1. Quick one: would you say Gly437 is under 22 Å from the mean Cα position of the chain (by Cα) and at positive phi?
2. Does Tyr445 fit the bill of being within 26 Å of Gly127 (Cα to Cα) and either crowded, with 17+ Cβ neighbours inside 10 Å or among the acidic types (Asp, Glu) (or both)?
3. What do you reckon, is Ser50 under 26 Å from Ile239 (Cβ atoms) and touching a residue at least 60 places away in the same chain (Cβ under 8 Å)?
4. Of all residues being assigned to a loop (DSSP other than H, G, I, E, B) and more than 22 Å from Tyr370 (Cβ to Cβ) in the stretch 34-62, which is nearest to the chain's Cα centre (by Cα)? Just the residue, please.
5. Check off (1) acidic (Asp, Glu); (2) assigned to a loop (DSSP other than H, G, I, E, B); (3) at pLDDT 85 or above for Asp381 and give me the number that stays unchecked.
6. For the stretch 129-147, which residues satisfy the criterion of being of a type outside the set (A, V, I, L, M, F, W, C) and assigned to a loop (DSSP other than H, G, I, E, B)?
7. From the list Thr311, Thr355, which residue is of a type in the set (Ser, Thr, Tyr), touching a Phe, Trp or Tyr at 6+ places or on another chain (Cβ under 9 Å), closer than 23 Å to Ala26 by Cα and free of Cβ contacts under 8 Å to residues at least 60 places away in the same chain?
8. Can you report the number of residues in the stretch 170-199 which are surrounded by fewer than 17 Cβ atoms within 10 Å (Cβ to Cβ), of a type outside the set (D, E, K, R) and assigned to a loop (DSSP other than H, G, I, E, B)?
Amino acid sequence: MAHPQTRPGRQLVLNLFIYPGGHHEAGWRYPGSSPERLLDISYYQDLARSAEAAKLDAVFFADGPAQVDNIRYASRFRLEPLTWLSAIAAATTRIGLIGTASTTYYEPYNLARLYASLDHLSGGRAGWNIVTTAVPQASGNFGLAETPSHAERYARAAEFVDVVTKLWDSWEDDALVADAASGLFADDTKIHPIEHVGRHFRVKGALNTPRSPQGRPVYVQAGSSDDGRSFAARYAEAIFTAHQTVDSAKAFYADIKRQAESLGRSPDHVKILPGISPYIGSTEAEAQRLYEELNDLIQPAYSIAQLKQITGIDFTGHPLNAEVPLDAFKDAGPAKQVASRFQLVVDIVKREKPTLRQVIDRLAGARGHYVAVGTPERIADEIQLWFENKAADGFNIMPPWFRGGFDLFASEVVPILRRRGLFRHDYTGRTLREHYGLPRPESVYATEARATA
């Protein structure tokens, strides 16, 4: 395939998805990994500085407010991401900082303060990954007898986003005056209580933090169910998603862009970012050996527990080398915990007729995200194929182990993408919105004031 050396226009978005121990479930065991440093903030600061040196758009931290059941064999603990990202903000200057927070288990006012603070202290680099949290272990940590239904979580999420948007807008941009000569610190006529009363929340406001550098953090979303897609089309400015084939990704991409446009939004302001986990070797055979070496470190008991968490089906006792029967899924109903991932597993079984071992190997690599195995050129080809066929606006890079998996991507794949004119040589902006090519939103109160002037 011939590749032009420069091409104007559309550029890839690339985020580094940092997951303790690596995205392969046994990545923490791979030679060269550093599991003893997983609670050392300098380890993550070093990773973020390397991602910034490669001019990536952002680092991303996932989160969930519960200890999951299958920590026995994998690095499945969580550190609170806003604390984490604040420490990374202090060690970097340009790279975006995206962290997950749940609309089911936060309150809007506290969340609005946390992300506004991160946006201020980072100079406008914050992004909020909006999740509704399906894992059943979380509800008991917050006094709930059971996890709210899928529909109820999304209804709360919609109101939650409306509330925090009002809070982040409640200070107009010029409300903070700080004029020592006149003694005027803030123009309180430009600070607005929001007086929100809704089904889930009653919030007076205003926020006690001035409007942040980006106006508000970038809205990121990670659901691919029907409710998740509708929510994303209405609110999200970047969407994290999982697909196994370019055709599936193209269909998702077209659907989200169409829905966003029907709501009066610019499709260019909704970035579709699938996950890709690259296994890189100097030859195809070397890359395949790397993939097999990591899979050889799998603990099947962990993998089968993870498969049960995704599908609600317990394959304990099913021979590893026997084909997974499609009938096993017929009575499972909608995906037990994460609807889109359930369907992804069903599609793999239907399309490939794999053995149980092949299914758990596939999920071990990146929990259902796309696993690409090959030379740097081959990985770049895959990224370019998805990008140019409107299956993706960019990718969340999910190295199978740290640091080596990311260092290979940064040193071997990123330069190829640059030579093809697909990725930046340097930052042109300072904020995450500028990296993503997103506008800075005007405060709703400023808009209303202008309309009535």
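1. Details: under 22 Å from the mean Cα position of the chain (by Cα): yes; at positive phi: yes.
In short, yes.
2. Numbers: within 26 Å of Gly127 (Cα to Cα): yes; either crowded, with 17+ Cβ neighbours inside 10 Å or among the acidic types (Asp, Glu) (or both): yes.
In short, yes.
3. Working: under 26 Å from Ile239 (Cβ atoms): yes; touching a residue at least 60 places away in the same chain (Cβ under 8 Å): yes.
Yes: the conditions hold for Ser50.
4. Let us first name the residues in the stretch 34-62 that are assigned to a loop (DSSP other than H, G, I, E, B), namely 34, 38-40, 54-57, 62.
Applying the additional criterion that residues be more than 22 Å from Tyr370 (Cβ to Cβ) yields 34, 38-40, 55.
Values: Ser34: 23, Leu38: 20, Leu39: 21, Asp40: 22, Lys55: 18 Å.
By that ranking, first place goes to Lys55.
5. It fails just one condition, (2).
6. If we filter the stretch 129-147 for residues that are of a type outside the set (A, V, I, L, M, F, W, C), which is where we start, we get 129, 132-133, 136-137, 139-141, 143, 146-147.
Across the stretch 129-147, the qualifying residues are Thr132, Thr133, Pro136, Gln137, Gly143, Glu146, Thr147.
7. Numbers: Thr355 fails: touching a Phe, Trp or Tyr at 6+ places or on another chain (Cβ under 9 Å).
Going through Thr311, Thr355 in turn, the sole match is Thr311.
8. 6
The values are calculated or read from the model by the stated rules, or taken from the named source; none is laboratory data. Here the structure is a predicted model, which is why all the values come from computation and not from measurement. All Cβ positions, even for glycine, are placed from backbone atoms using ideal geometry, and neighbour counts span all protein chains on display.
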